[in-house]
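Structure record follows, encoded as structure tokens.
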Amino acid sequence: MNSSDLVVDSVTGVDVVLRLAGPGARAYAFLIDWFIRAILFVAWYVVAALIYNGGWSFSAPFNPNASWFVFVVTPAATIYFLYHVVLEIAMHGRTPGKRMAGVHIITRDGGVPGIGALLTRNVFRLVDSLPIFYGVGLATTMLTRDNIRVGDMAAGTLLAYDRADVALLEQVKTASLSAHDEALKVALLQRSELWKTASVRAHRLASEQADDATDAARMADDYRLLAHDLARVRRLMPNTRTREYLEAAYARAHATLHRGAWHPGYALLTLFRDEIPAVASWLKPHIIWATSIFLLTVSAGYWMVHTYPDLIGLFASPDLVATVERGQLWTDGILNVVPSSVLSLQILTNNIVVSLFAYCAGFLFGLGTLYILGLNGLMLGAVFAFTGLYGLGDDLFRFIVAHGCVEISVMCLSGAAGAAVGEALIRPTHPSRMESFRVAALRSGKLLLACVVLLIGSGIIEGYVSPNPRFPLWSRIVIGVVYWLFMLALLRGWLFRGRRRHLDTPVATQRFILRQHGSLE
């Protein structure tokens with residue numbers, strides 16, 4: 001063992017030793033994945049553009065409609081930006097690049113990371129990718145002891161080597177033996193087929209459920225077998241391929257046996273019924289703080305521009321200023337230029353990115369979150385003051401009220417989540433600052449899923465209702481208030497009350513616990 005190894009306690013008494021990947025392996029896996037997703041992105045765009053244009057043209061139409069974005073742009077962007085998220089969840093901590101590099105994502109107890117950890121890990125790519133070419137991520141992997149980036153710190157994950165393969169087993173079988181304890185070594189190597197069977201079963205059960213209780217029980221027996229033989233090999237053949245293979249096979253069996261059961265429907269129900277309301281309650285002081293900061297900056301922005309109108313240039317573009325000075329809102333006639341579906345997609349994407357940045361910026365000890373909340377508050381107040389000077393304040397309120405109630409609330413919610421992350425770094429409540437950061441990030445990050453759901457609805461309202469002059473003011477107010485009440489019900493868990501509660505435990509884990517308990521007796 002060396003400083004780059006992770007040692008995990010096991011109930012068998014034989015520690016699990018995992019070799020952690022360094023910056024080189026990380027960079028190699030990332031580059032492979034980058035080329036794969038770039039190829040997929042370009043391939044989809046080219047083929048879809050050819051089909052859409054009906055000829056040898058890849059360029060976008062002069063006035064692209066909704067079908068161009070839905071059929072060509074959105075799938076290509078989804079492939080590029082959600083590549084790691086989707087594949088790491090589907091492949092249990094792996095991607096094609098990680099598989100080719102021989103590495104996979106693990107938790108600090110050697111297990112398979114859950115969906116929440118994988119999502120948190122990928123959300124913080126926004127920080128790791130700064131300023132360019134993953135500068136922050138590369139720097140942290142080179143400077144930290146376990147070679148981890150900020151996303152790993154937040155999710156409590158590591159990148160470890162995975163070498164329990166058939167090719168390595170063949171090297172084990174043909175390894176040369178020394179004269180010392182020759183008979184025992186030969187006896188151990190004769191059990192290599194049992195090791196292979198155990199490794200194959202662990203690999204299969206890592207991606208699917210056990211066929212029956214017997215299959216799960218055999219996994220527990222394999223775990224004991226590997227632990228027993230690994231302990232002897234560590235003593236007799238410490239620097240051999242045999243030990244390397246058994247270490248990897250034992251680690252895989254440990255991760256498989258201790259992997260919790262996950263059912264998508266039940267996980268979503270538990271998330272929205274129990275976990276998100278608990279997080280919202282925990283974040284109540286931060287929500288009050290974030291909302292207060294936002295309202296104060298809105299008031300400050302309004303006062304500044306109302307008192308000194310020329311300051312509007314600090315908060316709004318020249319085109320917006322010129323449009324208002326002509327006595328028009330920049331939103332007038334927008335549906336004649338951009339279809340509602342396209343407008344909704346653009347607004348939704350922008351709002352989600354801003355919310356994610358407000359959350360991730362908490363990594364800067366809360367200062368980044370404070371900056372984003374303050375900047376957006378100043379801009380909103382300044383624009384309201386400027387339009388009011390030209391008699392357009394009522395028109396702006398009419399445009400915003402339907403979607404703004406929830407949209408502004410989501411901004412404060414994501415800011416509160418980021419503030420909780422920042423406070424964990426400033427005032428750690430766990431033995432280490434990193435541990436406090438990890439707990440706060442994983443816990444508060446669950447609220448972002450509710451924020452994304454709410455922003456989808458806000459984007460639809462802002463694309464179809466807000467710019468449409470056929471909706472009277474009273475209907476816009478009703479839509480805004482009703483949707484805000486829906487947000488409140490979602491955060492309090494009222495929408496899912498009365499659902500049956502139960503606890504799922506993996507069959508393999510149950511069998512293993514029972515067997516261990518029986519052996520102790």
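Read-outs throughout are calculated quantities, based only on the coordinates presented, and are distinct from any laboratory measurement. Keep in mind it's a predicted model, so treat the numbers as computed, not measured. Every residue, glycine as well, gets a Cβ built from its backbone with ideal geometry; the counts of neighbours run over all protein chains shown.
Observations on the structure shown:
- Cut-off 15 Å, label 7 Å out along Cα→Cβ of Arg232, residues of the range 189-205 by amide N: 189-196
- Under the Karplus curve 6.51 cos²θ - 1.76 cosθ + 1.60, θ = phi - 60°, whole-Hz ³J(HN,Hα) for the range 425-432, x wherever Gly or Pro sits: 7, 6, 10, x, 10, 10, x, 10
- In order through the range 194-199: 3J(HN,Hα) via Karplus (6.51 cos²θ - 1.76 cosθ + 1.60), integer Hz, x for Gly, Pro: 5, 5, 5, 4, 5, 5
- Loop sites in the range 342-410: chymotrypsin sites (Phe, Trp or Tyr not before Pro), DSSP, at most 16 other Cβ within 10 Å: Phe365, Tyr390
- Spatially close Lys pairs in the chain, defined by Cα atoms under 24 Å apart and a spacing of eight or more places or different chains, total 5.
- The listed peptides 416-424, 402-410, ordered by packing as a protection proxy, come out as 416-424, 402-410 (highest mean of other Cβ atoms within 10 Å first).
- Amide H contacts under 5 Å for His430: Ser436, restricted to partners 5 or more places along the chain or on a different chain, H placed in the peptide plane at 1.01 Å from N.
- Averaged over residues, the count of other Cβ atoms within 10 Å places the peptides 73-86, 132-145 in the sequence 73-86, 132-145, highest first.
- Förster radius 30 Å - calculated FRET efficiency between Asn65 and Ala322 (Cβ-Cβ, nearest 0.05): 0.60
- C-alpha long axis of helix 213-236 to longest principal axis of the chain, angle in °: 60 degrees
- Alpha carbon centroid spacing (whole Å) that separates the range 111-125 from the range 449-477: 31 Å
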